[in-house]
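What follows is a single structure, written as structure tokens, with notes after it.
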Amino acid sequence: MDDPDVRPLFPRPLRRGELVALDALAGLGYAFALSLQAGVPAAWTTHALIVAMTLPVAVRRRWPLPVFGVVLAASVAAMALGVVREPLAAAAYALYPVALTTPRRRWEPTTAIGALSLGALLFTAVGGVSADPASRRVVTSLVLGVLALGGAWTVGRAVRERRAYAARGAELGAERAVAEERLRIARELHDVVSHTLSLIGVKAGVAAHVADRHPEEAREALRVIEDTSRRALAEMRQALGVMRDDFPGRSPVPGLAALPELAERAAAAGVEVDLDVRVVGALPETLELAVHRIAQEALTNVVRHAAPARCRVLVEREAAEVRVEVTDDGPGRRTLPPGPPGHGLIGMRERALLFGGEFTAGPRPEGGFRVSARLPAPSAAEPAGDPAAEVEDL
């Protein structure tokens with residue numbers, strides 16, 4: 001949890017002009033420090049080298065390589081002439097954006113840079129034996145400069161790799177979110193379309209079969225088809241509306257209260273449904289939607305593959321889980337129509353796994369088919385939470 005008393009140094013990311021201003025300020029400050037170090041009066045060459053070493057860093061982010069080349073050349077010249085001490089600090093400052101922006105090459109001498117730094121330390125130890133203060137000062141300046149360059153390069157490369165890793169992680173996260181949202185929408189559309197079209201197909205077949213001999217039954221079948229089509233259109237609009245938060249006419253998502261309507265639709269298609277709901281207390285909205293969709297898809301399969309048949313739908317809350325069980329007395333071995341396999345069982349299993357639950361489906365020994373799902377849920381004494389909100393509300 002973030003500490004509310006902690007405030008970032010900058011309330012927003014700095015713009016390019018502001019970054020240039022900061023670099024220019026750093027360059028001027030270092031130039032002032034070197035001028036004081038050089039003393040007054042100083043030769044014009046000293047001031048020229050100081051200017052060449054410091055002022056170009058103001059545009060180091062715009063032209064990293066040229067700025068580093070100019071600063072490094074001026075720093076080496078200043079070191080050779082002995083006009084200032086520790087001149088490679090500016091070169092290290094200019095090297096950082098080079099390491100940060102330059103693409104990594106296969107032959108990049110990362111190991112050699114480490115070996116060079118180690119050699120610089122060893123050289124310092126050897127140079128420290130010398131009793132000559134001037135030699136010791138030169139060696140110390142050289143080693144500190146090499147270490148500063150190596151450190152700037154290493155830090156720049158590390159920051160570049162971290163940013164690339166973060167960008168790739170964000171890209172993968174976005175792709176995963178899009179895939180999960182696409183799967184969720186596809187699952188919703190499948191549940192709506194599969195259920196309603198199955199009922200329409202069954203009743204259309206009945207109407208075609210009895211149209212000549214029993215026109216009243218045919219008209220009743222057509223009435224059911226009309227009513228189911230209207231309901232399907234409304235549900236389709238609702239399913240598509242979840243993609244827009246400002247959808248004007250969106251109704252609440254279907255839950256336990258809509259289960260009797262599912263039973264009525266299945267009965268209209270020739271499946272006698274015994275609905276038994278034993279749930280006390282409120283459930284999270286997404287959990288009720290999952291229970292509704294599992295029962296809907298299971299009833300759709302009964303209508304499609306077992307009608308006419310008897311079916312029992314049990315929704316029961318047991319401690320910390322909700323159990324959904326749909327059994328029928330139709331043929332236990334489903335005979336699927338030709339074509340690609342459907343996604344009904346897959347969708348029900350995905351919904352159960354989304355909540356960390358269990359799902360089983362298969363023929364019963366005594367005949368018929370059984371679908372069972374167990375979904376974790378908060379106990380009745382606990383406030384209704386939303387165990388799948390992070391996934392469902394992408």
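The values are calculated or read from the model by the stated rules, or taken from the named source; none is laboratory data. Computed from a prediction, not measured in an experiment: that's the story for all the values here. All Cβ positions, glycine included, derive from the backbone under ideal geometry; neighbour counts span all protein chains shown. Just the protein is used for accessible areas: all its heavy atoms, side chains included, with ligands, DNA and RNA removed. Shrake-Rupley method; radii C 1.70, N 1.55, O 1.52, S 1.80 Å.
Figures for the structure shown
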| quantity | calculated |
| --- | --- |
| Residue within segment 158-176 that is closer than 26 Å to L22 by Cα, surrounded by 15 or more Cβ atoms within 10 Å (Cβ to Cβ), of a type outside the set (S, T, N, Q) and modelled with pLDDT of 75 or more present | yes |
| Candidates A239, A266, A282, filtered to the one that is modelled with pLDDT of 70 or more and either charged (D, E, K, R) or under 27 Å from R304 (Cβ atoms) (or both) | A266 |
| Of all residues making up segment 58-90, the number that are in a helix (DSSP H, G or I) and within 40 Å of the chain's Cα centre (by Cα) | 7 |
| Of the criteria (1) modelled with pLDDT under 80; (2) not in a loop (DSSP other than H, G, I, E, B), which one G249 fails | (2) |
| Considering residues of segment 350-377 that are part of a loop (DSSP other than H, G, I, E, B), in contact with a Leu (Cβ under 9 Å, 6 or more places away or on another chain) and buried (at least 18 other Cβ atoms within 10 Å of the Cβ) only, the residue modelled with the highest pLDDT | G357 |
| Residue list for segment 293-320, filter: of a type in the set (D, E), open to solvent by 10 Å² or more (accessible area, probe 1.4 Å) and within 20 Å of A258 (Cα to Cα) | E316 |
| Residues satisfying the stated conditions in segment 91-119, i.e. open to solvent by less than 60 Å² (accessible area, probe 1.4 Å), of a type outside the set (S, T, N, Q), at pLDDT below 85 and closer than 28 Å to L34 by Cβ | I113, G119 |
| Condition met for P11 (open to solvent by 100 Å² or more (accessible area, probe 1.4 Å) and either touching a helix residue (DSSP H, G or I) at 6+ places or on another chain (Cβ under 6 Å) or at pLDDT below 85 (or both)) | yes |
| Odd one out for L189 among (1) at pLDDT 70 or above; (2) surrounded by 14 or more Cβ atoms within 10 Å (Cβ to Cβ) | (1) |
